[in-house]
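*Asks:* Mind having a look at this structure? Questions to follow.
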Amino acid sequence: MDVIEELGNYSIDISKTIEEELSCIVPNNLQEASIYLTKAGGKMLRPALTLITSEAVGGSRDNSLKSAAAIELIHTFSLIHDDIMDDDDMRREKPAVHKVWDENVAILAGDTLFSKAFEIIMNSDPEKNTPTQLSQTLATVADACVKICEGQASDMSFEDRYDVSEDEYLDMIFKKTGALIAAASKAGAIMGGANQEVIDAMYDYGRLIGLAFQIQDDYLDLASDEETLGKPIGSDIAKGKMTIIAIKALAACEGEDNKKLLEILKDDNNSQEDIDMALDLFNKYGAIEYAKNVALENVASAKKVLEILPDSESKQMLFDLADFVLERHS
């Protein structure tokens, strides 16, 4: 099964729903800024996961389409605000929203998407979803939003710390990246009419592939190539980011190696030679391989969770999505 092709098939309905929901926004510049990133070619993994999970538990796309669109709007809102905070110029190979318009319009666009996400869920067809399903989905999305903010705040607090533990890091990436993926699969299970045991299992599935997704990003920063990745290799080292790889290497190395690695991570003006040296130390202490294995373990656990579901094409798609998280190259 071609995962990219399948995600593209699901994204058609999601994109159409988003365009319909955002078409009433005024003035035009706010509408254009709000819809800009949703049309910029993202994979729409999260909302597709909502639809696939709904089908896998015995529901349908129609039952969960509005919730899927809402999940994508929350994701897009977080990207717009992240780009402003990080002063990033590009997103999905296009100028960031705050570069096309300005920061004020970009902030308003993000806030509009955030608000619209909850409005979309509340306006779901009552003939397709019960009040309990709607309230549970609203609570799920709201919880994910709080966790995203907590995760972003934790990530920012790590910028000047070099004693971050692995547990702290995993908690941060779950909140910043995994929480919305977990919410996406949980929302699909809720809207698909699953019982609480299955709903909880689908949340756990999303949590596990969300963790693997971010760890794979850490791995790709060192193991991919610049053209495929869309940014310089080793950029996390250059920024002094405390990824799981850096955390593992610092914990494992001692003496001069530890001192040198810390110097590189703390330096804002690293040369390519410094970045290469950090890479050598990461490899010397098995940190890159360790990160890859942690991601593999999370994916294996996610696939184990799926045993609760009856066999179907949608269940197989969830299996394939778990593998895709590690097979992607950017």
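*Asks:* Measuring from centroid to centroid over Cα atoms, what is the spacing of region 47-99 and region 195-225 in Å?
*Replies:* 16
*Asks:* While we're on this one: Would you mind computing, in nm to one decimal, how far apart the modelled labels at residue 5 and residue 269 are, each placed 7 Å from Cα along Cα→Cβ?
*Replies:* Here the answer is 5.2 nm between the modelled labels.
*Asks:* To continue, here is another question. Helix-derived [θ] at 222 nm for the chain: sum -39500 (n - 2.57) over DSSP H runs of at least 4, divide by residue count, nearest 500?
*Replies:* After summing the helix terms and dividing by the residues of the chain, the value is -24000 deg cm²/dmol.
*Asks:* On to the next question. Applying a 10 Å radius around every beta-carbon, put 294-305, 147-158, 85-96 in order of their mean neighbour count, most first.
*Replies:* Ranked by mean Cβ neighbours within 10 Å, highest first: 294-305, 147-158, 85-96.
*Asks:* Okay, next question. Which distance in nm do the two modelled labels at residue 200 and residue 276 give, with both placed 7 Å along the Cα-to-Cβ direction?
*Replies:* In this crude spin-label approximation the distance works out to 5.3 nm.
*Asks:* Could you tell me which of rounded, prolate or oblate describes region 5-148, using a ≥ b ≥ c as the square roots of the eigenvalues of the alpha-carbon gyration tensor, with rounded for a/c under 1.5 and, failing that, prolate when a/b is larger than b/c and oblate otherwise?
*Replies:* Verdict is prolate for region 5-148.
*Asks:* Now, a different point. Taking Cα pairs under 8 Å and at least six residues apart, what relative contact order does region 192-330 come out at, in percent?
*Replies:* Averaging sequence separation for qualifying contacts and normalising by length gives 39 percent for region 192-330.
Read-outs: derived from the displayed coordinates by stated rules, not from any lab. No experiment lies behind these values; they were computed from the predicted model shown. Glycine also receives a Cβ, built like all others from the backbone with ideal geometry; neighbour counts cover every protein chain displayed.
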